[in-house]
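For reference, the structure discussed in these notes is given below.
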Amino acid sequence: MSKRKIFLLYPYYWPHFRSGGPVQSLFNLVKTFADTVDYYIISLNKDVDGSLPVETLQLAKWSKGANEENIYYASSLSPAFIYTRMKEVNPDVVLINGIFHWNTSLFGLIAARFLGIKVILSPRGMLQAWALQRGKWKKKIYLTLFKNVLSKNEIWHATDQQEKEDIYKIFGSNQVVHIAANIPRHVSVFNSIALPDIHQKIKLVFLSLINPNKNLHLIIEAVKSAGDKYSLDIYGPVADGKYWLECQKAMEGVSDITYRGSVPPWDVPGILSQYHFFVLPTQGENFGHAIFDALSSSVPVIISRNTPWSDIDKDGAGFYLDLQENKSIDTILCAISKMTPEDYHKYRISAHEYSTAYWETRNYKQDCQFLFES
């Protein structure tokens, strides 16, 4: 039986990683269905910040990825290029990821219409209310153009109920939308580290894109006000230079806060497992791979409720902070500082159990069946 051919469009694919969660989502999707699908993936040869990967990529030809997927790395993407590659592959379906990458989203949609190929659109969180506020007017103009290109026969992939509602709100309730959660990496083995005594610092870690949406400045201010009880290590690509300058200014003169740079996804579990708590006071997440990676590395989390991760406080896997309450993080850090080693060990166990239960209760192949229907 021949495999189904899926033509996957997103400007950045493995080994690129600086554009955040979508790359991890796509890699995990490809890996999960590698035995039943032939993937043909178009990607730029450089990452979102213009950097080139350490390894040398083969340009202007199809090459094999880690999961036997077919990848075509290009120095630029044009309508003619997308059309030519799509025509030569002649896929069963075109899976377009993201909305505002015009060189793949818009060009891919137009090419698929000309070739009469089924299209599945996956917004990857780009239609969330907070996301649409950045570059608001440009996005409004772009969405108007995008709507006019839609043929009304497309299928949408939402990762949760909220994204489904976002699609209906912007494109109309007559859209065909399937819900299938993002696929995270497999859960790591349980790992425990001891809560330090009063002479040592509790180690916090932030790992995410650095932009205003992630509210890194709130963690910095909280650690500064907590005196010498905590250290904070910051990992992640700088997605907003102006915001990062503000964060750096807030960090001046504080020796316990350190920027560690970007980290490739394959190193994330090992890094996170060395910390006591993961902190991400985000304004909103479509999924939050780093949150799941922390939980699956046995690290309790401190996050906002604007994520798909529910009941972590009731399950003892972490804490929710209130973005409307300025002292919310301070209150949580104060509570953590009073934990006994036994209490903290229970939190690590609960974090690991929470992520394990999430993984074991999902049927990704059933949820993603719409990808394989004619």
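Side notes on the structure shown:
- If you check SER350, SER310 for being in a loop (DSSP other than H, G, I, E, B), out of contact with any Leu (no Cβ under 7 Å at 6 or more places or on another chain) and of a type in the set (Ser, Thr, Tyr), only one passes: SER310.
- In the stretch 222-256, residue surrounded by the most Cβ atoms within 10 Å (Cβ to Cβ) [restricted to those that are under 25 Å from the mean Cα position of the chain (by Cα) and either at positive phi or of a type in the set (Asp, Glu) (or both)]: GLY236
- Residue in the stretch 276-285 that is over 24 Å from PRO22 (Cβ atoms), surrounded by fewer than 19 Cβ atoms within 10 Å (Cβ to Cβ) and of a type in the set (Gly, Ala, Ser) present: no
- Per the conditions (1) of a type in the set (Gly, Ala, Ser); (2) out of contact with any Leu (no Cβ under 8 Å at 6 or more places or on another chain); (3) crowded, with 18+ Cβ neighbours inside 10 Å, the sole criterion not satisfied by ALA357 is (3).
- Residue in the stretch 26-60 that is surrounded by the fewest Cβ atoms within 10 Å (Cβ to Cβ), counting only those that are at pLDDT below 85 and polar (S, T, N, Q): THR56
- Only residues that are among the β-branched types (Val, Ile, Thr), in contact (Cβ under 8 Å) with a residue 24 or more places away in the chain and either in the same structural domain as ASP240 (by TED's automatic domain parsing) or within 17 Å of TRP266 (Cα to Cα) (or both) were counted in the stretch 184-201, giving 1.
- Within the stretch 160-179, residues that are at positive phi have Cβ atoms under 9 Å from residues that are charged (D, E, K, R) and in a helix (DSSP H, G or I) in these pairs: GLY172/LYS147, counting only partners at least 6 apart in sequence or on another chain.
- Identity of the residue in the stretch 135-165, of a type outside the set (Lys, Arg) and part of a loop (DSSP other than H, G, I, E, B), that ends up farthest from ILE110 (Cα to Cα): ASP160
- Within the stretch 227-274, considering residues that are modelled with pLDDT of 95 or more, outside any helix (DSSP H, G or I) and of a type in the set (Phe, Trp, Tyr), the one nearest to PHE190 (Cα to Cα): TYR235
- Consider the stretch 106-134 and keep the residues that are of a type in the set (Gly, Ala, Ser) and more than 18 Å from the chain's Cα centre (by Cα). The one that is surrounded by the fewest Cβ atoms within 10 Å (Cβ to Cβ) is GLY116.
The values are calculated or read from the model by the stated rules, or taken from the named source; none is laboratory data. Computed from a predicted model, the values in this text were never measured in an experiment. With ideal geometry, Cβ positions are generated from the backbone for all residues, glycine too; neighbour counts draw on all protein chains shown.
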